[in-house]
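Worksheet: the structure to be examined is printed underneath.
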Amino acid sequence: MWWDERVSARFRRNLQPTLTYWSVFFSFGLCIAFLGPTLLDLRCQTQSSLSQITWVFFSQQFCLLLGSCLGGVFKRTLAQSLLALFASSLAISLVFAIIPLCHNVVVLAVVMAVAGLAMGCIDTISNMQLVKIYQKDSAIFLQALHFFVGFGALLSPLIADPFLSDTNCILANGTANASSNLPHIRKSLVPHHPGNLSHYDLPMKGMVVTRVSYAFWIMALINLPVPIAVFFLLYKERMVPCFNGSSHPLLSADELALETRPGDKDELSTAGQRPHTAAGHEDLFSCCQSKNFRGASYTYFAVHVTGALVLFMTDGIVGEYSGFVYSYAVEEPLSVVHKVAGYLPSLFWGFITLGRLISIPVSYRMKPATMVFINVVGVLITFLLLLIFSSSVVFLFVGTASLGLFLSSTFPSMLAYTEDILQYKGCATTVLVTGAGIGEMVLQLLVGSIIHDRGSYSFLVCGMIFGCLAFTFYALLVFFHRMYPKPSPEPDEASPDKAAVPEDTGQYQR
């Protein structure tokens, strides 16, 4: 096997919770990519204008960011985490079922805001719990976790596609003219950003003819096993509210001691005798409390900030590239046929998913820091070549695939790297998830406005600038890593960045 027996034994012992967290992230992916291709049918369903319906994007993205910030609140015990994941995954199924019943754009925006909150909680809690379970072995399992979000993001547009309207889905005067615009507009909405659609005139009143409801009901059924899986884990751990009794932690102190070096056993035994406190993996608001800063060196803060800035840039690139590559391709000088250009976002997401699958075995043999370096350098080189060969349609497709591969493993690798630097203390997971969410939201808005003012070529220039900034922040992170205090044999509990052995030994508070 391509991993050793110790990691394999640890995985077998935590098989059910690991598979559960992976499946919950599939729900996240299923919910993140359907809105773009279905937005025009939803516009018909709500009989709203394009400018009104595009606010649904904002409501989902903003609440996703808010949910990521709040998700850490529910991580203090295993029971809280699993109950939050159960509620979030069930909420996503309910959202899919309710969307066809939303005939008002405000109601639809509220429903998508609920979905965004659920997605944010899933994002933060699943990452945190996998890091808690596997700690220094978490990189490979985080890569697998993020493969499932890519798989879900690929699946939902495929489910929706057969039910999308080929012609305008509101029958009214002038329908023929509006219908000819529909395929072009739909492709420009995939998968995240609606772009500038104010110049398209589509009817707002008339008979609604759309079958997109079936797609949402199918996705609701596909997602239903996920909350059931979380419920079974709750039941196994005897944490269902109607059941009383205690259960053993998913990873006991004795089991963890068997997996460590002989020299570490005494330290872990001593640590296990102290009251267990939630020293790390706080929610964003707890992280900002002054008590967490006492005794911390400046490098402690620098690692958090530079790690978040790297993901601000790289996740922002994912959002802006997938949202605007179609618009860039159909404009001059490339002038790609609309149907062909429509494959570019799918190609991008497909190679992100493939890259995450490849990264699962690679992450076991390669250090997270090395993987992040390869990723940011690859992104930089790809954008440079896209600028050089900006008139080549073939290289646009090659570059899109290359960019997807290099961006695919950046988030889980950066998360594993920063958590390793901080000895699984501090707030790395929460800060990185929040930074990535802000980047995806802000850079899309920024690039959209720049393209509108400066033309389509600025799309690649922005990507190049963001890639350079990502590499710069990564270099700063490596510098602060070298400056970061090494753990000492005698941990100073007053200092959050000077701990020899993480207090979080893999046990969960109830």
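The values are calculated or read from the model by the stated rules, or taken from the named source; none is laboratory data. If you're wondering where the values come from, they're calculated on a predicted model, not measured in any experiment. Backbone-built Cβ (ideal geometry, glycine too); neighbour counts: all protein chains shown. Accessible surface is based on the protein model in full, side chains and every heavy atom, while ligands, DNA and RNA are left aside. Shrake-Rupley method; radii C 1.70, N 1.55, O 1.52, S 1.80 Å.
Which count do you get for residues in the range 89-123 that are among the hydroxyl-bearing types (Ser, Thr, Tyr) and touching a Leu at 6+ places or on another chain (Cβ under 8 Å)? Before the answer, list the steps.
The first filter runs over the range 89-123 and keeps only residues among the hydroxyl-bearing types (Ser, Thr, Tyr), leaving 89, 93.
Now restrict to residues that are touching a Leu at 6+ places or on another chain (Cβ under 8 Å): 93.
Selection size over the range 89-123: 1.
Looking at the range 437-447 only, could you name the residues that are open to solvent by less than 20 Å² (accessible area, probe 1.4 Å) and either closer than 14 Å to Ser322 by Cα or at pLDDT 85 or above (or both)? Spell out how you get there, then give the answer.
Keep residues of the range 437-447 that are open to solvent by less than 20 Å² (accessible area, probe 1.4 Å), which gives 437, 439, 443-444, 447.
Once the filter is applied, which keeps residues that are open to solvent by less than 20 Å² (accessible area, probe 1.4 Å) and either closer than 14 Å to Ser322 by Cα or at pLDDT 85 or above (or both), the range 437-447 yields Gly439, Leu443, Gln444, Val447.
Hey, does the range 96-117 have a residue that's touching a Pro at 6+ places or on another chain (Cβ under 6 Å) and either open to solvent by 10 Å² or more (accessible area, probe 1.4 Å) or among the charged types (D, E, K, R) (or both)? If you could, list the steps in order and put the result at the bottom.
So the first thing to find is which residues in the range 96-117 are touching a Pro at 6+ places or on another chain (Cβ under 6 Å), and the list is none.
No, the range 96-117 contains no residue that is touching a Pro at 6+ places or on another chain (Cβ under 6 Å) and either open to solvent by 10 Å² or more (accessible area, probe 1.4 Å) or among the charged types (D, E, K, R) (or both).
Evaluate the range 416-432: report whether one residue or more is at pLDDT below 85, open to solvent by 50 Å² or more (accessible area, probe 1.4 Å) and either at positive phi or outside any helix (DSSP H, G or I) (or both).
No, the range 416-432 contains no residue that is at pLDDT below 85, open to solvent by 50 Å² or more (accessible area, probe 1.4 Å) and either at positive phi or outside any helix (DSSP H, G or I) (or both).
Any residue in the range 357-369 that is outside any helix (DSSP H, G or I) and more than 18 Å from the chain's Cα centre (by Cα)? It would help to see each step written out before you state the result.
If we filter the range 357-369 for residues that are outside any helix (DSSP H, G or I), which is where we start, we get 366-367.
Those left that are additionally more than 18 Å from the chain's Cα centre (by Cα): 366-367.
Yes: one or more hits.
Can you say whether Gly307 is touching a residue at least 24 places away in the same chain (Cβ under 8 Å), within 21 Å of Ala153 (Cβ to Cβ) and assigned to a helix (DSSP H, G or I), as far as the supplied structure shows? Explain how you work it out, then say what you get.
Details: touching a residue at least 24 places away in the same chain (Cβ under 8 Å): yes; within 21 Å of Ala153 (Cβ to Cβ): no; assigned to a helix (DSSP H, G or I): yes.
It is false that Gly307 is touching a residue at least 24 places away in the same chain (Cβ under 8 Å), within 21 Å of Ala153 (Cβ to Cβ) and assigned to a helix (DSSP H, G or I).
When you scan the range 8-90 for helices (runs of 4 or more DSSP H) that lie fully inside it, which ones turn up with 2 or more residues that are under 25 Å from Ser408 (Cα atoms) and among the hydroxyl-bearing types (Ser, Thr, Tyr)?
15-32
Suppose the filter is surrounded by 17 or more Cβ atoms within 10 Å (Cβ to Cβ) and either among the small types (Gly, Ala, Ser) or over 16 Å from Leu460 (Cβ atoms) (or both); does Val310 pass it? So that I can check it myself, show each step before the final result.
Details: surrounded by 17 or more Cβ atoms within 10 Å (Cβ to Cβ): yes; either among the small types (Gly, Ala, Ser) or over 16 Å from Leu460 (Cβ atoms) (or both): yes.
It is true that Val310 is surrounded by 17 or more Cβ atoms within 10 Å (Cβ to Cβ) and either among the small types (Gly, Ala, Ser) or over 16 Å from Leu460 (Cβ atoms) (or both).
Check off (1) under 20 Å from Arg43 (Cα atoms); (2) touching a Phe, Trp or Tyr at 6+ places or on another chain (Cβ under 9 Å) for Ile133 and give me the number that stays unchecked.
Of everything listed in (1) under 20 Å from Arg43 (Cα atoms); (2) touching a Phe, Trp or Tyr at 6+ places or on another chain (Cβ under 9 Å), Ile133 misses just condition (1).
Among the candidates Leu405, Leu380, Leu396, Leu384, single out the residue that is touching a residue at least 40 places away in the same chain (Cβ under 8 Å), open to solvent by less than 30 Å² (accessible area, probe 1.4 Å) and not assigned by the TED database to the domain that holds Phe151. Spell out how you get there, then give the answer.
Numbers: Leu405 fails: open to solvent by less than 30 Å² (accessible area, probe 1.4 Å); Leu380 fails: open to solvent by less than 30 Å² (accessible area, probe 1.4 Å); Leu384 fails: open to solvent by less than 30 Å² (accessible area, probe 1.4 Å).
Just one listed residue meets the conditions, Leu396.
Does Arg10 satisfy the criteria of being of a type in the set (D, E, K, R) and open to solvent by 10 Å² or more (accessible area, probe 1.4 Å)? Lay out the reasoning, then the answer.
Details: of a type in the set (D, E, K, R): yes; open to solvent by 10 Å² or more (accessible area, probe 1.4 Å): yes.
Taking the combined requirement at face value, the residue satisfies it.
For the range 13-58, name all the residues that are of a type in the set (Phe, Trp, Tyr) and either modelled with pLDDT under 80 or open to solvent by less than 10 Å² (accessible area, probe 1.4 Å) (or both). Give the steps one after another, and end with the answer.
First pass over the range 13-58, keeping only residues of a type in the set (Phe, Trp, Tyr): 21-22, 25-26, 28, 34, 55, 57-58.
Result: Tyr21, Phe25, Phe34, Trp55, Phe57, Phe58.
Name every residue in the range 222-231 that is in a helix (DSSP H, G or I) and either touching a helix residue (DSSP H, G or I) at 6+ places or on another chain (Cβ under 6 Å) or in contact (Cβ under 8 Å) with a residue 60 or more places away in the chain (or both), in order of residue number. Even if it seems obvious, please write down each step before you answer.
Narrowing the range 222-231 to residues in a helix (DSSP H, G or I): 222-223, 225-231.
Ile222, Asn223, Pro225, Val226, Pro227, Ala229, Val230, Phe231 - these are the residues of the range 222-231 that are in a helix (DSSP H, G or I) and either touching a helix residue (DSSP H, G or I) at 6+ places or on another chain (Cβ under 6 Å) or in contact (Cβ under 8 Å) with a residue 60 or more places away in the chain (or both).
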